[in-house]
Amino acid sequence: CSNFFPKRNHNLRSFDISIMNYDLDRRCSCLLASALLTCNACSLRQINILLNGLDDKSARMIVDGLATHLNLNSLKLQFQETNSTGWCAALGKKLLQNPKSKLRALDLSCGDIDNAGAIALGRGLAFNKALKELALGQNIRITTTGWMALLTCLSNRRSSLEELYLCGASIDDDIVADALANALANNPLLKDLSLNGITNITPAGWVALSAALQHSNSHLEKLFLDGTSIDDMGLTALVDALANKAKLKELDLGCNNSITTVGWQALSRSTLNPNSVLERLRLGNNASIDDEGATMVATALSINSTLKDLDLSYTRSISTIGWQALFNSLQNPNSSIEVLNIRENHIDDEAFTALANILCNKSSVNSIYTSNHTLQRMNYTTPGDIDLLLTLNWNSNKADVARQKILLFHFPNGS
């Protein structure tokens, strides 16, 4: 460690250390802590540390060393199988509460944090005015008591937090309805929220989240709900927020097979709402989306003029009928879809023939001119003619795209 952090090194910006061996951790922890404490002159901006099985004293020593690096912008810290009370308290008091700290991103995912550690972190976050990103996912030892204390601190109006990642956390309806809802309603800076992999929320929790999203102070733009087991009732509640709160730009609903046609129909209605500003929609890995569901999505796409990125990867229940309906929706002259992710699906030549005609209807000059010049990427091995048309659509000058297609396909000989 003394060689890794030379005292006269003014150029070191980042380092990553990951050691899972118990004996080696105990030997090196004191050296690592000492090196961090004595290399004050270096200009570290990013640190990633993963250590396993430290005792509480060693973990606190390392955090004490980290707290001296006030120019640090990003910190990822995982102390697995370690008592979290001491090092979380040190992190909260010595780094998060320090007004001179420039820390913007803190990742404590999979950190084996328990309730006492969460409460200690909450105290530090209550006084922090600099942190923009916070990741606390996969800390399954935190229960309702810990989450309530931690998330309540984030509802403080002094909070500068913009991105909150709680993937795989043990969060239930009570936490959503109380602490998380208050954080959304009282923190107007919060833009991104990830609840991926959380399966303990029932329809009652989704209703509470929907109400929080519609609060006048909520400015959430990105909501990630991949693998949450949300069902039709929960999705119907959430789409009320989409319809009434015109700020959500990205929604991830991948891998939620409890949603049926009823839920997809409600989602489609919300995207038809003229107030919708949704730009990215992730629906991949949903076996429940079949031809009927695809047709509902297509109906929304035929009218919606804001959606730019649609993910339907791994939706293998859609047949040629459904894909043709989706492709036909791109004939909407106001279509804004630039990226259509359809990887790992089975799409036949008949559907692609229909798509090629939508991208360039060669029947007349006017038909080519009014073809789709917006779709640019599909994340699928498409036929060569479609590849060419998608490449032409990269040009942001759509009048020029139309001109190129007319020259290529209506006047192929330059006449």
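Descending by average beta-carbon neighbour count within 10 Å, the peptides 171-183, 371-383 line up as 171-183, 371-383, the highest first. Once the Cβ-Cβ distance between N379 and R157 is put in as r, and R0 is 41 Å, what FRET efficiency do you end up with, to the nearest 0.05? Computed FRET efficiency for N379 and R157: 0.50.
Given charges of +1 on the Cβ of Lys and Arg and -1 on the Cβ of Asp and Glu, with all other atoms neutral, how large is the dipole of the stretch 246-402 about its Cα centre, in debye to the nearest 20? Numbers along the way, then the final one.
Values: 11 positive and 16 negative charges, 101 e Å.
Charge dipole, the stretch 246-402, about its Cα centre: 480 debye, nearest 20.
On full extension, the segment bounded by V262 and D387 gains 41.5 nm, given 0.36 nm per residue less the C-alpha separation. Hey, any idea what % of the chain's accessible area is carbon plus sulfur with a 1.4 Å probe? Carbon and sulfur atoms account for 50 percent of the accessible area of the chain. Note on exposure: S288, S14 ranked by accessible area (1.4 Å probe, complete protein assembly) read S14, S288, with the most exposed listed first. Taking a ≥ b ≥ c as the square roots of the eigenvalues of the Cα gyration tensor, the stretch 142-246 is classed as oblate, since a/c reaches at least 1.5 and a/b does not exceed b/c.
One quarter of the convex hull surface built on the alpha carbon atoms of the chain amounts to 23.2 nm², the projected area averaged over directions.
Could you order the peptides 154-162, 261-269 from most to least packed, using the average number of other C-beta atoms within 10 Å per residue?
The most tightly packed comes first, giving 261-269, 154-162.
Counting every C-alpha pair in the stretch 232-368, the share spaced more than 27 angstrom apart comes to 17%. When peptides 332-341, 58-67 are sorted by average Cβ neighbour count within 10 Å, with the highest value leading, the order is 58-67, 332-341. Each Lys and Arg contributes +1 and each Asp and Glu -1, all at the Cβ; summed about the Cα centre of the chain, the dipole is approximately 2160 debye.
The values are calculated or read from the model by the stated rules, or taken from the named source; none is laboratory data. All of these numbers come straight from a predicted model, not from anything done at the bench. Here the Cβ is made from the backbone with ideal geometry for all residues, glycine too, and neighbour counts use every protein chain on show. Accessible surface is based on the protein model in full, side chains and every heavy atom, while ligands, DNA and RNA are left aside. Shrake-Rupley method; radii C 1.70, N 1.55, O 1.52, S 1.80 Å.
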